[in-house]
1. Give me the strands (runs of 3 or more DSSP E) completely within segment 345-436, filtered to those with at least 3 residues that are over 53 Å from the mean Cα position of the chain (by Cα) and either assigned by TED's automatic domain parsing to the domain that holds residue 479 or at pLDDT below 90 (or both), ordered by residue number.
2. Within segment 95-105, does at least one residue satisfy the condition of being closer than 12 Å to residue 63 by Cα, modelled with pLDDT under 75 and either in a loop (DSSP other than H, G, I, E, B) or out of contact with any helix residue (DSSP H, G or I) (no Cβ under 9 Å at 6 or more places or on another chain) (or both)?
3. Which of the residues spanning segment 399-412 are surrounded by fewer than 23 Cβ atoms within 10 Å (Cβ to Cβ) and touching a strand residue (DSSP E or B) at 6+ places or on another chain (Cβ under 6 Å)?
4. Identify all residues within segment 116-151 that are within 11 Å of residue 59 (Cβ to Cβ) and touching a residue at least 60 places away in the same chain (Cβ under 8 Å); write none if there are none.
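The values are calculated or read from the model by the stated rules, or taken from the named source; none is laboratory data. The model shown is predicted, which means the values in this text are computed figures rather than measured ones. As a convention, Cβ positions derive from the backbone with ideal geometry for all residues, glycine included, and neighbour counts pool all protein chains shown.
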């Protein structure tokens, strides 16, 4: 299989300015060409009409100069001004011919006009392609006379005398050189005008795009001028409206990156502070053991060092787990049963709870109770799509917290259930609990506020809830705190619940069974 190379488009190679020029210029050129062609044809028609009107004037004069004499013979009395109009000038040669139409042609005007008797004018004059239809109606056509391209107007005029019809064909021609010069000059001016317009459009588009992109240039210079640790947001008010969403997205990314860096910085600061204390205690105890002459005292110091090492190991494991949970990486998810995971984690922590003489129990979500009560829990458990390792780590931290902070003989219950579209696992105890206004603060790292109430000997770093929440949020869920079971002091303990979106399941009967676990 061949690897697909990234497509290199014109836009990526030449940028927005060249792209706009390439998009606008063909359209502008096409419009100018169409406009030029229309203008040229219109100017040609106007020029031709003007020259044809000027050509028609001497023909009309000749037409009006034809009359009968006393012998009923047609003759032409040419006035002086008609002679002036028929005179040739430089670049404008004129020719004319007046002839009497043959009687057979006059009787049958269809077809090509046949030559008749010349009354006045040049011989071998070009003939019109057809006979003029109506008497007095001019007929214009192009021809060549004596190797000179000419424009010809022909007029047929009918005369009546003593009930006799006589027809005369008047033809006047002039060379087209002057017309062609005028049209060529008009075409040249049109091309020059369109060229200037095209150059102006290109310049305006280029300057307009440059002006529009100037804020982006300044934005780029601002970003390049920043130091590598400058994470202040970009100024979105000085860029075009169309680019503002992009700048907002960049600012959002900068803010996320800043929060990650702040969290890492705070994490390193807190971790170094938390690790410094046990190390200092172990160093003091080791020095004391070296100075102690009594082996019993030295042994007591070594046992204290072992205790601190265990605490340091637990803290290190939690720090590594928290660092892993905060990594922005893809989670390898699979279909798991929260009910089965909860049961297995409870069994793992049974020895620790038994050591503290606590009652750690698990409520099975897949069995029916003695009364056959149904509470929306299917026989296939509580299926979710999540990372099995991370769900176990989160639940382990919640159970470890409950065991660590609950007093001796406390009751800790772990249960799984379906709650609408969510799957939940709750760790509920009847320990000293936590005030509701401390719920949000309890998720802060290394903050054990309120958790020590009634548990003076409790040991912990304040990372369990933070780790659990980080893992759950990576899998699309979260951790919530609420009031737990009542205790002997008249208050309530703490309930910590993790939830994840339910995975699609087949329809099944819903059953629930509570299995008591007396570990005291």
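1. Hits in segment 345-436: 359-364.
2. No; the residues of segment 95-105 include none that is closer than 12 Å to residue 63 by Cα, modelled with pLDDT under 75 and either in a loop (DSSP other than H, G, I, E, B) or out of contact with any helix residue (DSSP H, G or I) (no Cβ under 9 Å at 6 or more places or on another chain) (or both).
3. Within segment 399-412, just 411 meets the criteria.
4. 136, 138, 140
Yes/no matrix, rows are residues, columns are (1) exposed (fewer than 15 other Cβ atoms within 10 Å of the Cβ); (2) touching a helix residue (DSSP H, G or I) at 6+ places or on another chain (Cβ under 6 Å); (3) modelled with pLDDT of 80 or more:
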position	(1), (2), (3)
149	yes, no, yes
157	no, yes, yes
164	yes, no, no
168	no, no, yes
179	no, yes, yes
184	yes, no, yes
196	yes, no, yes
226	yes, no, yes
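To keep it simple, each residue is scored yes or no on (1) more than 30 Å from residue 209 (Cα to Cα); (2) touching a helix residue (DSSP H, G or I) at 6+ places or on another chain (Cβ under 7 Å); (3) loosely packed, with under 12 Cβ neighbours inside 10 Å; (4) at pLDDT below 80.
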{"residue": "229", "(1), (2), (3), (4)": "yes, no, yes, yes"}
{"residue": "242", "(1), (2), (3), (4)": "no, no, yes, yes"}
{"residue": "253", "(1), (2), (3), (4)": "no, no, yes, no"}
{"residue": "256", "(1), (2), (3), (4)": "yes, no, yes, no"}
{"residue": "262", "(1), (2), (3), (4)": "yes, no, yes, yes"}
{"residue": "273", "(1), (2), (3), (4)": "yes, no, yes, yes"}
{"residue": "280", "(1), (2), (3), (4)": "yes, no, yes, yes"}
{"residue": "285", "(1), (2), (3), (4)": "yes, yes, no, yes"}
{"residue": "289", "(1), (2), (3), (4)": "yes, yes, no, yes"}
